[in-house]
1. Arranged from highest to lowest average of other beta-carbon atoms within 10 Å per residue, in what order do the peptides 27-35, 107-115 appear?
2. Quick one: what Rg and Dmax do you get for the stretch 82-164 from the alpha carbons, in Å?
3. Leaving out ligands, DNA and RNA, what percent of the accessible area of the chain is carbon and sulfur, probe 1.4 Å?
4. For the stretch 73-153, with the dipole built from +1 on Lys and Arg beta-carbon atoms and -1 on Asp and Glu ones, taken about the Cα centre, which of ALA111, LEU149, TYR84 lies farthest toward the positive end?
5. Please give the charge dipole size of the chain, origin at the Cα centre, charges +1 on K and R Cβ atoms and -1 on D and E Cβ atoms. Round to the nearest 20 debye.
6. Ordering LYS106, LYS173 by accessible area with a probe of 1.4 Å, largest first, what comes out?
7. Could you state the accessible area per residue of the chain in Å², with a 1.4 Å probe and every protein chain left in place?
8. Provide the per-residue ³J(HN,Hα) series for the stretch 65-70, in order, calculated from phi with Karplus coefficients 6.51, -1.76, 1.60 and θ = phi - 60°, each as a whole number of Hz, with x at glycine and proline positions.
Amino acid sequence: MIVRIAREGQSAAAAREVRVARWLARENVPAVRLVDVEQPVEADSRPVTFWAELPPQQHGSVEDVAELLARLHSLTTPAIEPGYLDPFVRVGERLHAATTIRDDDKQWLNALHSDLLAAWAERPAGIPGRAVHGDAWPGNIVRTAGGVLMMDLERFSVGPPEWDLVSTAVRAKTTGAVSAREYDRFCAVYGYDVTAWEGYPVLAHARELRMVTYAAQHAADNAEWKS
């Protein structure tokens, strides 16, 4: 059994993650499973949740990601109040706290953040909103001896399915972590190429900004990341 102790003040988020995990179990979506006890519980004002321990695992392939996302996105929107997707959660805080970004670069990133907030609000219509993982990359869609499963449900929400697809697209089109051949397989398995959608640049830039601010957050406390 795995015991997760969240930060103080995260009770609502922990309760939401429990609701999500139970919904995924009811829908037979392969994902991390809760231990069958009443939860979350409070310990010194910090929410505690209990999870079944996973067997040894490795990152899933892009095809694994596509297959599991297609299964998730085919489901009816859950009535569990998971909240609506916010692709910019903690981005502003990370930029404010960044100590390894020059002031002029930080000013540019803050302006980009503002522009993307406006563009997100006015993004073109796409696939109707439904349940999304929120952070769908191969580190969160893992392969075990028993098959592929979904983990890290903290960003699970209702929103545009394109957001889940953009993660792999950016790894193919921006960072090169995914080859062109792999990306073609991803699109074939899922049945859609998000880069052909006119709203793709907005979501791609939002994902890229998240990547930059995540790196900045860790660089502040990690000498290896600073270089």
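1. Order by mean packing, descending: 27-35, 107-115.
2. Spelled out, the Cα radius of gyration and Dmax of the stretch 82-164 are 16.0, 50 Å.
3. In the chain, the share of accessible area belonging to carbon and sulfur is 50 percent.
4. With unit charges placed on the Cβ atoms, the residue in question is LEU149.
5. Dipole of the chain, to the nearest 20 debye: 180 debye.
6. Largest accessible area first, the residues go LYS173, LYS106.
7. 53 Å²
8. Each residue's phi maps through the Karplus curve to give 4, 4, 5, 6, 5, 4 Hz.
The values are calculated or read from the model by the stated rules, or taken from the named source; none is laboratory data. Nothing here was measured: the structure is a model prediction, and the numbers come from that model. Glycine also receives a Cβ, built like all others from the backbone with ideal geometry; neighbour counts cover every protein chain displayed. Side chains included, ligands, DNA and RNA excluded: accessible areas come from the protein's heavy atoms. Shrake-Rupley method; radii C 1.70, N 1.55, O 1.52, S 1.80 Å.
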